Amino acid sequence: MNGKLFGLSLTAVLLLASCGTVSVPKDTTPPEIKVVTENNQTLGTDSVTLQGTIKDNGSIKSASYSLNGGAVQVITLGTGGAFTVKVTGLKSGVNTVLLKVVDGSNNEKTFEFKVNYNPSLNDKTPPTITFSTPNNQTTTKTKLLLEGTITDDVKFKAATISLNAGPAQPLNVAANGTFSTEVTGLQVGSNTVLILATDEAGNKKESTFKINYDANGTGTVKVEGNVVSSNAGAAVSDSHITVDGLPDIAIETDSNGQFSLDLNPGVYNLNFSREGHAASRIEGVIVTESGTAVPLKVIQKIAIHALVAKPPVVTAVQTPVGDSMVDVTPGTVIPTDRPFALQVKVKAADESLSATSAYVTIGNHNSDMDPGLRFFNDPKNTELDTGIFALGGPIFNGAQGLTVLNVVAYDFNGNRIQKLIPVNVVSAPSTTPLGEGPTASALAYTVSTDLNLSTPVGPMAAPAANTNLFVQVRWNYNNLSGEPLGFRIWKSYDNKVFRPLTQVAGNQRTIWDSDPTLEAGKTTYYQVEAYNSTTNSYGKTTSTTPLDAFNVVSLGPDNHSTNVSVNPTLTWTVDKLVGDVRYFYPAIWDYPSQNSTCYWGMAFCKGSPDYMYSDDGKTPGLKRAGNIYSLPFNENGKAVAPKLQSYHSYTFALSAAAFNKDFTAISVAQDWSFIFLPFGQCNFGGPVCDGKLSTFSTGDGSN
């Protein structure tokens, strides 16, 4: 019986029954669904618990729910129609839970419950970055392909990439989390790539990738060298170095002009370029398993015109054979028992220039000022042609066996080419018995920046802009049996490991070392070896420690001063005191200085000093107060006259140098009278001398 009739009295029922069939009212009222869980909320979990009640004025036939149109799940009702259901499997974003209730009369009631699932709300785990490209690797290229994956347990948002703390750039990550990007602009040495990944919850993850860019190459042999503006000249920093056939090598010299390449054994051509400088190129550098025969020394001059910085081209190195000229090729045999005929031709790479000079010698020479044979070109000729000449005598530098023919050439712009051709020097065995090893001495010369020294014209020569530092190595070798085949000069900075510097013929007794690695205060050791074809004899090691440079910064009387006393006190100031003792040669020249008539001090006129002043107390007439020196004119009574003439002009020229206590090092500030420098002349083909001069005029002679 329908429960809805339970409310009628029995009497009423009987009355109705007595009247015949009774029509019962149809139930059209749907059930009532009341959900107490907050609707339209946002959760950080993938489930939601719904609570509420379902009521009906009759019976409940069924109660169910579905998630996002999925499978229908039964709702179990408790006392009073209460229910609790846990809906799981929410998707990210808005979810719809549809509740459906049917009563006994098939009346339906639905209720939509909305819930927004944001997985990031409870996400505390950052993304994971994995590199598939090997980390901490070395490359010889300026770029590297970097690949990997970025994953997140909830939802990945974005990633950026940066190189060496530079600006971050967006990193493109595929839907499956993979990425592939080319890292460009690597710097020489260590590089750090930083990837920053972020998920939707804001969790961040950083991961670094290390790349070592070795622009020196990946060979097994270290090849070292220096680039300088001239022999004993200034270091050329930031010179760009490339190697023919190895495009991945592109390095620059450091602040000391030094460079290092990693090459495999072979033969290489090296190119050197720098803004404002001429081009320089070395062809035929031989690299063995032990390196090069000597460290490379490259001359790169300041260009006259930067737009034509192209090295000259050696178009021919030939020797006559019969009526023909044939190329000197690697392995060419050069005998020493007779002159070897040779012809060299050089052209400038730019048509607007002409080759100016060429130099030919035998052997690997590092920092040796000996240029070999010299040839000069008439500027009107585009090509320098040495004509046929003969190699012989000292030009072989004591070489025997495998060595190189060394050709150096310049053009009018200062562009330089050095071509090395492996040759075999064949001579009769030298069996002269060797005596005791050579007795050597070394004298280091430091030349002031104000002096501007250039050695006699040679393949390394060019005006130097900065401090010049070179060492003269001399040796005695007394052997009644005769001269050796040659001498090898060895050099070390630690007195343990010696490297070859150069080799010279057996009749030579002096070499000049202008290696750019020479430094003031750094002791350099030398050893001279005499050798013949089968044996050798080493001398004792000698050493020198170069001094720092110093300058004369002022003279008195002042330059262009007038009314100067005819008995003046000469003064000068040095910028610093170097060495253990300072020597000075003051000279007064009768004006004009170009005539250089010697008035006090005959060195300029007669070629040798007639006196010298030092600050070690041995010449008491010279006074020093700090860095300031003073000396009365004609202190030693050797002037042409006891006093200067009145109303007359003179030049005060000072030569100044410092020595260490054992006289193995000298620092020359200026040398107007050719007292200290070993070259013996100034201007016009020799060292260019400069420094402080004072030209002054005397007064009426009253003082």
Yes or no: the range 369-380 includes at least one residue that is without any contact (Cβ under 8 Å) to a residue 40 or more places away in the chain, within 24 Å of Ser230 (Cα to Cα) and either surrounded by 21 or more Cβ atoms within 10 Å (Cβ to Cβ) or polar (S, T, N, Q) (or both). yes
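Each row is one residue, and each column tells you yes or no for (1) surrounded by fewer than 20 Cβ atoms within 10 Å (Cβ to Cβ); (2) assigned to a strand (DSSP E or B); (3) modelled with pLDDT of 85 or more.
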| residue | (1), (2), (3) |
| --- | --- |
| Ala465 | yes, no, no |
| Ser481 | yes, no, no |
| Val497 | yes, no, yes |
| Pro500 | yes, yes, yes |
| Val504 | no, yes, yes |
| Asn507 | yes, no, yes |
| Lys522 | yes, no, yes |
| Ala530 | no, yes, yes |
| Ser533 | yes, no, yes |
Could you tell me which residue of the range 65-103 is surrounded by the fewest Cβ atoms within 10 Å (Cβ to Cβ), considering only residues that are at positive phi and outside any loop (DSSP other than H, G, I, E, B)? Gly80
For the range 199-255 the number of residues that are within 13 Å of Val298 (Cα to Cα) and not in a strand (DSSP E or B) is 10
Give me a count of the residues in the range 35-45 that are touching a helix residue (DSSP H, G or I) at 6+ places or on another chain (Cβ under 9 Å) and exposed (fewer than 15 other Cβ atoms within 10 Å of the Cβ). 3
Please pick out the residue among Ser608, Ser630, Ser614 that is free of Cβ contacts under 8 Å to residues at least 40 places away in the same chain and touching a Lys or Arg at 6+ places or on another chain (Cβ under 9 Å). Ser614
From the options Ser673, Ser630, residue that is under 15 Å from Phe584 (Cβ atoms) and within 43 Å of the chain's Cα centre (by Cα): Ser673
For Ala278, which of the numbered conditions (1) touching a Lys or Arg at 6+ places or on another chain (Cβ under 7 Å); (2) surrounded by fewer than 16 Cβ atoms within 10 Å (Cβ to Cβ) fails to hold? (2)
Tally of residues being more than 30 Å from Ala175 (Cβ to Cβ), charged (D, E, K, R) and surrounded by fewer than 16 Cβ atoms within 10 Å (Cβ to Cβ) across the range 104-125: 2
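Quick grid of which residues meet (1) more than 30 Å from Gln645 (Cα to Cα); (2) at pLDDT 95 or above:
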| site | (1), (2) |
| --- | --- |
| Pro516 | yes, no |
| Gln527 | yes, yes |
| Asn551 | yes, no |
| Asp558 | no, yes |
| Pro586 | no, yes |
| Asp590 | no, no |
| Gly601 | no, no |
| Gly621 | no, yes |
| Arg624 | no, yes |
Tell me, which residue of the range 303-325 that is of a type in the set (Val, Ile, Thr), farther than 17 Å from Asp350 by Cα and touching a residue at least 12 places away in the same chain (Cβ under 8 Å) is surrounded by the fewest Cβ atoms within 10 Å (Cβ to Cβ)? Thr319
State whether one or more residues within the range 126-140 are assigned to a strand (DSSP E or B), at pLDDT below 95 and crowded, with 17+ Cβ neighbours inside 10 Å. yes
Within the range 416-436, residues being surrounded by fewer than 18 Cβ atoms within 10 Å (Cβ to Cβ) and touching a Phe, Trp or Tyr at 6+ places or on another chain (Cβ under 9 Å) number 3
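A quick yes/no check of all residues on (1) buried (at least 23 other Cβ atoms within 10 Å of the Cβ); (2) modelled with pLDDT under 80:
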{"site": "Asn413", "(1), (2)": "yes, no"}
{"site": "Pro438", "(1), (2)": "yes, no"}
{"site": "Asn468", "(1), (2)": "yes, yes"}
{"site": "Asn478", "(1), (2)": "no, no"}
{"site": "Gly486", "(1), (2)": "yes, no"}
Taking only pairs six or more apart or across chains, which ones have beta-carbon atoms under 9 Å, a first residue in the range 490-502 that is farther than 11 Å from Thr523 by Cβ, and a second residue that is part of a loop (DSSP other than H, G, I, E, B) and modelled with pLDDT of 95 or more? Trp490/Thr541; Phe498/Thr541
Of (1) within 30 Å of Thr544 (Cβ to Cβ); (2) touching a residue at least 60 places away in the same chain (Cβ under 8 Å); (3) among the aliphatic types (A, V, I, L, M), Val408 fails just (2)
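The values are calculated or read from the model by the stated rules, or taken from the named source; none is laboratory data. Worth saying up front: this structure is predicted, and the values here are computed from it rather than measured. Cβ sites come from the backbone with ideal geometry, for glycine too, and all protein chains shown count toward neighbours.
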